[in-house]
Amino acid sequence: MKLSIIGTGYVGLVTGTCFAEVGHHVICVDNDAAKVKMLQAGGIPIYEPGLEELVKKNVAAGRLKFTASTAEGVQNSDVIFIAVPTPPQPDGSVDLSYIERVARDIAAAMTSYKIVVDKSTVPVKTGEKVTETIKRYCTAKTEFDVVSNPEFLREGFAVGDLMKPDRVVIGVGSQRPVAAMTEIYTPFNAPIIVTDINSAELIKHAANSFLALKISYINAIATVCEAAGANVQEVAQGIGLDERIGRRFLNAGIGFGGSCFPKDLSAFIKISEQVGYEFKLLKEVQRINADQMERFVKKITDTLWVLKDKKIGVLGLAFKQNTDDVRSSPAIDLCQRLLKDGATLRVHDPKAMDKAKSFLPNVTYVDDMNAVAEGCDALVVATEWDEFKQLDLARAKAGLTHPIMFDGRNLFDPAAMEKLGWIYKSVGR
Ligand code: UDX
């Protein structure tokens with residue numbers, strides 16, 4: 001099918017590429033001309049495993065194109081996906097100005113029937129507003145349908161999540177767009193749920209809030225485990241094997257971050273408030289998440305006492321593994337807390353060091369993870385990168401003034417670490 005995707009951020013670029021990979025003809029549109037130029041020249045603005053190869057392959061096959069012109073995208077496709085940012089506003093509500101702008105641009109360029117699909121995460125009832133906007137600004141007065149098709153991809157696993165989705169949600173206001181939407185997604189072999197637009201929009205916020213709730217739940221259990229002398233990983237295993245619960249998203253740590261969970265939680269609390277429900281449960285999820293960081297910092301200060309003039313090595317800056325994204329990263333938050341208390345930092349991240357520099361200008365960036373500990377008073381693990389498990393522990397120990405490790409992601413085995421002579425503090429164990 002002929003598709004265009006407006007917005008080449010994480011969601012837009014990966015979605016467009018995966019649509020091309022299954023045989024659709026895709027035009028990716030972005031108003032950032034420099035970004036479009038970079039993509040046209042074969043550059044990829046984000047780090048996402050597997051993405052670069054797929055972009056190259058599909059550009060070479062002539063199925064994937066980039067342009068800065070919305071009109072070009074709209075006029076050369078039957079289905080137009082909106083994948084622009086919906087950032088949070090200071091009061092937690094969602095800034096929908098990019099969506100509104102794109103809806104107007106699409107309306108102005110439409111000269112025949114189009115399906116306009118919202119892929120960005122938006123509050124319930126946004127579809128209604130997009131429909132009104134297109135109606136108002138479409139000078140050619142052509143017919144169109146608005147569809148809600150939320151995206152559930154995780155950064156770092158985006159290509160896999162898109163190629164093999166657990167489900168595809170299609171929210172429609174009439175039957176007319178269903179056949180085309182089904183055709184787009186048939187190659188992905190996933191269950192397709194066709195529902196109304198409001199329910200589709202709500203599914204996205206309800207899913208992300210539930211996952212955040214799951215993490216806060218296990219973090220609260222971790223606190224109880226610490227007080228009771230139990231091990232949160234064993235508990236997670238024990239409850240996670242119950243299929244009704246599931247083991248995933250039950251890893252205790254320093255809390256969740258990233259560009260989705262914190263923002264979507266605030267938005268969902270606000271949306272619920274606007275329809276007359278105070279979502280206290282989700283407010284508690286936020287509180288537990290904030291507390292989790294406080295408790296970890298306290299663990300560090302309880303052991304090191306005064307942080308002023310202490311040198312601390314930090315492994316991890318990204319908000320999670322397999323990404324260079326540092327937006328709302330608990331690791332960055334932690335570093336800023338330690339710096340504020342007067343510590344100096346030596347930091348390493350496999351992918352996120354460049355992006356971290358504007359948030360952490362006054363730290364030493366170390367290219368080799370095994371060299372981070374040198375001359376430090378303690379080592380902190382802040383992101384769950386798998387490769388940190390291969391850390392040369394003997395070298396790290398020799399480099400530290402005292403073999404102290406605060407593991408905010410439970411990457412090492414407490415008993416083994418103790419045996420190796422470490423003072424090892426993790427979360428909920
Ligand atoms: C999330 C959703 O998973 C995805 O479906 C949605 O489309 C966008 O938001 P993402 O933000 O990319 O994806 O990351 P995710 O893998 O969900 O992790 C979010 C945060 O939770 C990270 O900071 C991660 O470290 C933390 N996390 C995750 C935990 O602390 N424990 C866990 O068990 C899982």
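The values are calculated or read from the model by the stated rules, or taken from the named source; none is laboratory data. Source: prediction; values computed, not measured. Note: ideal-geometry Cβ built from the backbone for every residue, glycine included; neighbour counts use all protein chains shown. These area figures cover heavy atoms from the full protein model, side chains too; ligands, DNA and RNA do not enter into them. Shrake-Rupley method; radii C 1.70, N 1.55, O 1.52, S 1.80 Å.
Relative to the current alpha-carbon distance between Gln274 and Asp242, full extension at 0.36 nm per residue lengthens the span by 7.9 nm.
Placing R0 at 30 angstrom, the Cβ-Cβ distance between Arg176 and Lys56 gives a FRET efficiency of 0.25 after rounding to 0.05.
Loop-located trypsin sites (Lys or Arg not before Pro) in region 103-144 (DSSP state not H, G, I, E or B) with no more than 12 neighbouring Cβ atoms inside 10 Å: Lys141. Antiparallel beta bridges, as assigned by DSSP with both residues in region 2-190, represent about 10 percent of the total such bridges. I'd like the distance separating the alpha-carbon centroids of region 1-30 and region 300-362, in whole Å. Using only Cα atoms, the two centres lie 35 Å from each other. Accessible area per residue (1.4 Å probe, heavy atoms of protein chains only) ranks Glu128, Glu201 as Glu128, Glu201, with the largest value leading. Taking 7 Å steps out from each Cα toward its Cβ at Arg167 and Glu234 produces label points 3.6 nm apart.
Count Lys and Arg as plus one, Asp and Glu as minus one, and take only other residues whose Cβ is under 12 Å from that of Tyr424; the net charge is then +2.
Solvent-accessible area of region 211-425 (1.4 angstrom probe, protein heavy atoms only): carbon and sulfur portion equals 53 percent. The residues of the chain expose, per residue, 44 Å² of accessible area to a 1.4 Å probe. With respect to the chain, whose longest principal axis is taken over its alpha-carbon atoms, helix 10-21 is tilted by about 60°.
Note on Lys283 and Val22: the model spin-label points, each 7 Å out from Cα along the C-beta direction, lie 4.2 nm apart.
Each DSSP beta bridge with both residues in the chain is either parallel or antiparallel, and the antiparallel ones are about 5%. Calculated FRET efficiency, Lys419 and Asn370, Cβ-Cβ r, R0 30 Å, to nearest 0.05? Approximately 0.90, to the nearest 0.05. Relative to the longest principal axis of the Cα atoms of the chain, the long axis of helix 51-60 makes an angle of roughly 30 degrees. If you run the Gaussian network model on the chain, springs between alpha carbon atoms under 10 Å, then out of Val297, Val168, Val363 the most flexible one is Val363. Ligands, DNA and RNA excluded, the heavy atoms of Met405 present near 0 Å² of accessible surface to a 1.4 Å solvent probe. Each stretch of four or more DSSP H residues adds -39500 (n - 2.57); spread over every residue of the chain, this sum gives -13000 deg cm²/dmol at 222 nm.
For the chain, the relative contact order is 12 percent, taking Cα pairs closer than 8 Å that sit 6 or more residues apart in sequence and dividing their mean separation by the residue count.
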